[in-house]
1. Exactly one of (1) closer than 30 Å to B:Arg70 by Cα; (2) away from DNA strand C (no atom under 11 Å from the Cβ); (3) not small (Gly, Ala, Ser) is unmet by A:Tyr38. Its number?
2. Taking segment B:85-102 as the region of interest, how many residues are more than 8 Å from every other protein chain (Cβ to nearest Cβ) and in a loop (DSSP other than H, G, I, E, B)?
3. Hey, could you check segment A:58-84 for residues that are touching an Asp or Glu at 6+ places or on another chain (Cβ under 8 Å), part of a loop (DSSP other than H, G, I, E, B) and within 12 Å of chain B (Cβ to nearest Cβ) and say which is nearest to DNA strand D (Cβ to nearest atom)?
4. Could you run through segment A:68-93 and say how many residues are within 16 Å of DNA strand C (Cβ to nearest atom) and open to solvent by 70 Å² or more (accessible area, probe 1.4 Å)?
5. Might you check whether a residue that is in contact (Cβ under 8 Å) with a residue 60 or more places away in the chain and assigned by TED's automatic domain parsing to the domain that holds B:Leu9 occurs anywhere in segment B:57-73?
6. Looking only at segment A:43-57, which residues are away from DNA strand C (no atom under 11 Å from the Cβ) and part of a helix (DSSP H, G or I)?
7. Just to be sure before I move on: is A:Leu22 under 14 Å from the mean Cα position of the chain (by Cα), farther than 30 Å from B:Lys117 by Cα and within 10 Å of DNA strand C (Cβ to nearest atom) in the structure I sent?
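The values are calculated or read from the model by the stated rules, or taken from the named source; none is laboratory data. All figures in this text were calculated on a predicted structure; none of them were measured in a lab. Using ideal geometry, Cβ is built from the backbone for each residue, glycine included, and neighbour counts are taken over all protein chains shown. These area figures cover heavy atoms from the full protein model, side chains too; ligands, DNA and RNA do not enter into them. Shrake-Rupley method; radii C 1.70, N 1.55, O 1.52, S 1.80 Å.
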2 protein chains.
Amino acid sequence: MNKEELKNLINEAGLRVTLHRLRVLSAVAKAKKPITVYELTELLRKKENIDQATIYRNLSSLHLAGILRRSDLNHGHSHYELETGKATHQIICNKCEIIERIEGVSTDNAILKMVQKSKKFKNVITHSVEIFGVCKSCN
Amino acid sequence: MNKEELKNLINEAGLRVTLHRLRVLSAVAKAKKPITVYELTELLRKKENIDQATIYRNLSSLHLAGILRRSDLNHGHSHYELETGKATHQIICNKCEIIERIEGVSTDNAILKMVQKSKKFKNVITHSVEIFGVCKSCN
DNA sequence: TTGCATGCAAATTTTTTGCAGCCAG
DNA sequence: CTGGCTGCAAAAAATTTGCATGCAA
């Protein structure tokens, strides 16, 4: 996704297209994997001089706008990635926290059934399948 | 699960059966849903005078021992519950954080396929399906 | 007796907030 | 111009750690 497309995403969400917001979003998009706030801070605060509060606030507004997906992976801090609208299927190492994405296996039917069974929810936004284990390298 | 069974769990994991460890585990078991550290602290520190460090250390050791399952639900803090060995399927409200468990729909086949596709993992420990939305009450 | 477990206090890590000034629309 | 955005600093929330003492096995 290029700068122009990212700008449009922000714009269409009704948010202001500021330099910093665009930089935060670009950095997440460029990562092509769930990136931690710490990693973003390394990239943006140090190299582009963006305050950490601004990073957090932008991650939050972009998340609320449905542009970013947030996921906590049982390691005490959150990860952000572009919201594709599709489910994410990932395997996470409990030791080194490496994340492997798995494509090509759908769980949509099962999810649909679950939502139909639900008493408290009528429709849902998204879902993720998180598989936990210990990776070959750590073993 | 009664006290005796919980004791056995701890024992078989090779951990010492201390009064506090048993109380922490009992409180989680009694909750019958993923409980936050904050809720546990309310129960245990105030009523039974257990230090928060002890609560955290016990949650951690019980988790490492495979007795407790930890899950972060994108709200910035973790939840603990008894590890059943079975996958958890839950729908979480992005606003009020209410959790609804869904039983009776299996995703095991899909998970198996995913692990087979994986390059970095040979076998895995557990998995969870988390569906996010906004519940009827919040809507 | 021996080493894991605990309390206490302090430190770390992660995230949020108040407020004055700045800038996109 | 005006309200959202930002930096700065401080606070709050979540979790971890050091060390002396306690207690399970």
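1. For A:Tyr38, the exception is condition (2).
2. Residues flagged as more than 8 Å from every other protein chain (Cβ to nearest Cβ) and in a loop (DSSP other than H, G, I, E, B) within segment B:85-102 amount to 6.
3. Across segment A:58-84, the extreme among qualifying residues is A:Gly76.
4. 1
5. No: zero hits.
6. Of everything in segment A:43-57, those that are away from DNA strand C (no atom under 11 Å from the Cβ) and part of a helix (DSSP H, G or I) turn out to be A:Leu43, A:Leu44, A:Lys46, A:Lys47, A:Glu48.
7. Considered against the rule, which asks whether it is under 14 Å from the mean Cα position of the chain (by Cα), farther than 30 Å from B:Lys117 by Cα and within 10 Å of DNA strand C (Cβ to nearest atom), A:Leu22 comes out as no.
One line per residue, one yes/no per condition, for (1) acidic (Asp, Glu); (2) at positive phi:
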| residue | (1), (2) |
| --- | --- |
| A:Asn11 | no, no |
| A:Leu25 | no, no |
| A:Lys32 | no, yes |
| A:Ile50 | no, no |
| A:Ala53 | no, no |
| A:Leu68 | no, no |
| A:Ala87 | no, no |
| A:Glu100 | yes, no |
